[in-house]
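What follows is a single structure, written as structure tokens, with notes after it.
The values are calculated or read from the model by the stated rules, or taken from the named source; none is laboratory data. Small disclaimer: the values here were computed from a predicted structure and weren't measured. We place every Cβ from the backbone using ideal geometry, glycine too, and count neighbours over all the protein chains shown.
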Amino acid sequence: MAETGNEADRFNWQLPSYLVLGTSIVMLVLMLWSAYGSMLYVLLIAPILSLICLVSSGTALVRRRPRRSLSILLTLLAVLAASWVLFKNQGAIRPTLRWLLWSRDYKSEVLVQPAPANGEFRHIEWDGWGWDGAGDTYVYLVFDPADSLAVAAKSHQPGKFTGIPCTVPLVRRLEKQWYSVLFYTDERWGTPHWDCGMED
């Protein structure tokens, strides 16, 4: 049965909802998969999706279906808005999701380590990223039995904190006694103190 003119030019409220949900899930999965996942989404998936929506909207407009064209354009705006919010907050979303999904494994990996004799916290390399020529950035998962990093996590300020060998730009609390610690680019836990931007 052929669509009548009014049925063919309906404003579709389901399309924006499903597409926003679907693309948000894709972006979250890519974020979990890699620190570069959201960049893949922004540089490849979002432009392709935008092009498809713009062509579809233009086609609907040429076929004299302005409501359908508007529906597609609003869908594109909703998808881009949701993508922007996720991309802007990926620094908080990615570690939170990883911790929610795999904290038991991470905890056991850290807790099997003997306590360091030098007073530093038990830790593992937890995340990282970098580009050739730009340097590598490392994030460590830290177990702080006394929860002394709580103040540093609340302040969101860089500093030198007891139990961490370098001055660091950010400490984020994952749960009581567990923190992610972002090091400055090209600084790693275990490097000599002069490589940590510290004075002799």
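Check region 96-108 and report whether any residue there is charged (D, E, K, R) and over 30 Å from Y41 (Cβ atoms). Looking through region 96-108, none of the residues is charged (D, E, K, R) and over 30 Å from Y41 (Cβ atoms). Residues satisfying the criterion are present in region 176-191 (criterion: surrounded by fewer than 14 Cβ atoms within 10 Å (Cβ to Cβ), modelled with pLDDT of 95 or more and either outside the structural domain of L30 (by TED's automatic domain parsing) or not acidic (D, E) (or both)). Against the definition (assigned to a loop (DSSP other than H, G, I, E, B), loosely packed, with under 14 Cβ neighbours inside 10 Å and in contact with a strand residue (DSSP E or B) (Cβ under 6 Å, 6 or more places away or on another chain)), how does Q113 come out, yes or no? Considered against the rule, which asks whether it is assigned to a loop (DSSP other than H, G, I, E, B), loosely packed, with under 14 Cβ neighbours inside 10 Å and in contact with a strand residue (DSSP E or B) (Cβ under 6 Å, 6 or more places away or on another chain), Q113 comes out as yes.
Within region 140-172, the only residue that satisfies the criterion of being part of a strand (DSSP E or B) and over 24 Å from the mean Cα position of the chain (by Cα) is K160. For region 152-170, filtering for residues that are aromatic (F, W, Y) and farther than 17 Å from E120 by Cα leaves 0.
Taken together, G37, G58, G22 contain a single residue that is out of contact with any Asp or Glu (no Cβ under 9 Å at 6 or more places or on another chain), modelled with pLDDT under 90 and surrounded by 16 or more Cβ atoms within 10 Å (Cβ to Cβ), which is G37. For T96, the stated conditions do not hold, so it cannot be described as among the β-branched types (V, I, T), part of a helix (DSSP H, G or I) and in the same structural domain as I25 (by TED's automatic domain parsing).
Among the numbered conditions (1) touching a residue at least 40 places away in the same chain (Cβ under 8 Å); (2) exposed (fewer than 11 other Cβ atoms within 10 Å of the Cβ), tell me where W126 comes up short. Of (1) touching a residue at least 40 places away in the same chain (Cβ under 8 Å); (2) exposed (fewer than 11 other Cβ atoms within 10 Å of the Cβ), only one is false for W126: (2).
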